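Undergrad: Right, I'll just put the structure down here and ask away after.
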Amino acid sequence: MTYAEWEYLATWRFPAEYDRSETSSDPIANAPQGVVEGCRAVGLDLRCRRHGRDLDIASLWWTVSLLESGACHIGLEQVLRPRRRARGVSAAPEFSGVGFSGLHTGYTAAMNAVLIAEHVQDDLAGYEFIQWPVEGSRLLMPEVRDGQALWFDPGSGLVVSRIGELCSPSLPVR
């Protein structure tokens, strides 16, 4: 069965770096908040600690689709927009997007953030040749510890940042 064959209760679309303070109307007001917060945290982190191809974060949008069971399907895709290019310079191929399931409205925002981070990290590395996020030469791994969604260094076991705060870590490294 493909995603196109599912019957969703509702579907919401919002920018990868969605900020509620920037708009008077909230397009995701009735969306499952634990899933939306997970998407938002991962979207914020996509700007930082990337190695490889460039990725136009400002053009990425999340799609969250809710099933009657509480399960959610997630998509992250690039919304095409006009670009300025210098004459004679070819553009890099566009990000093809990712789609996955496995999230649920009954999971905590931290659990959803880790699941989303794992899927996006795997898809970027496998198809777009982007290693994200990195610490030196090592790929960071997402994990829930003490109820928080975190990026940690698997070599040392040290926590680098909360998911969603990778650009300005607020946690002391443990």
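Undergrad: In the neighborhood of A41, defined by Cβ-to-Cβ distances under 10 Å, what is the net charge if each Lys or Arg adds +1 and each Asp or Glu adds -1?
TA: Cβ neighbours under 10 Å give a net charge of -1.
Undergrad: If R₀ is 22 angstrom, what is the calculated FRET efficiency for the pair R47 and Q148, using the beta carbon separation as r and rounding to 0.05?
TA: For R47 and Q148, the calculated efficiency is 0.60.
Undergrad: Whose amide H sits under 5 Å from the amide H of L103, counting only residues 5 or more places off or on another chain, with H placed in the peptide plane?
TA: Amide H neighbours of L103, under 5 Å, 5+ apart: C72.
Undergrad: At 7 Å along the Cα-to-beta-carbon direction for both E7 and D122, put a label point, then send me their distance in nm to one decimal.
TA: Going from the E7 label point to the D122 one covers 3.0 nm.
Undergrad: Under 5 Å between amide H atoms, partner at least 5 residues away or on a different chain: which partners does L60 have, H built in plane at 1.01 Å?
TA: A16, V79
Undergrad: From the protein chains alone at 1.4 Å, what is the descending order of accessible area for W132, W12, largest first?
TA: Putting W132, W12 in descending order of accessible area: W12, W132.
Undergrad: Turning to a different aspect of this structure: At 1.4 Å probe size, what's the solvent-accessible area of S101? Round to the nearest 10 Å².
TA: For S101, solvent-accessible area is about 50 Å².
Undergrad: What list of ³J(HN,Hα) values in whole Hz, one per residue of the range 12-18 in order, does the Karplus curve 6.51 cos²θ - 1.76 cosθ + 1.60 (θ = phi - 60°) give from phi, with Gly and Pro shown as x?
TA: Taking θ as phi minus 60°, the curve returns 10, 10, 7, x, 4, 9, 4 Hz for the range 12-18.
Undergrad: Follow-up question, since we're still on this one. In nm, give the distance between the simple-model label positions of E68 and S101, each being 7 Å from the Cα along the Cα-to-Cβ direction.
TA: In this crude label model, E68 to S101 measures out at 1.4 nm.
Undergrad: Whole-Hz Karplus ³J(HN,Hα) for the range 37-49, in order, using 6.51 cos²θ - 1.76 cosθ + 1.60 and θ = phi - 60°, x for Gly and Pro?
TA: 5, x, 4, 4, 4, 5, x, 5, 6, 4, 6, 10, 6
Undergrad: Heavy atoms only, 1.4 Å probe, whole protein assembly: order T105, T63 by accessible area, highest first.
TA: T105, T63
Undergrad: So how do D26, D146 rank on accessible area, 1.4 Å probe, biggest first, that is with the largest at the start?
TA: Output order, biggest surface exposure first: D146, D26.
Undergrad: Translational diffusion coefficient of the range 30-75 at 25 °C, 0.890 mPa s, Stokes-Einstein with Kirkwood Rh over Cα pairs, in µm²/s as a whole number.
TA: The diffusion coefficient I find is 203 µm²/s.
Undergrad: M141: accessible area at probe 1.4 Å, nearest 10 Å²?
TA: 70
Undergrad: Going by amide H atoms built from the backbone, whose H comes under 5 Å of the H on V160, apart from near neighbours?
TA: W151, F152, D153
Undergrad: Right, another one. For R145, tell me the accessible area in Å² from a 1.4 Å probe, rounded to the nearest 10.
TA: Approximately 70 Å² for this residue.
The values are calculated or read from the model by the stated rules, or taken from the named source; none is laboratory data. Here the structure is a predicted model, which is why all the values come from computation and not from measurement. Positions of Cβ are generated from backbone atoms using ideal geometry, with glycine treated the same way; all protein chains shown enter the neighbour counts. Side chains are part of the model used for accessible areas, which takes the heavy atoms of the whole protein and leaves out ligands, DNA and RNA. Shrake-Rupley method; radii C 1.70, N 1.55, O 1.52, S 1.80 Å.
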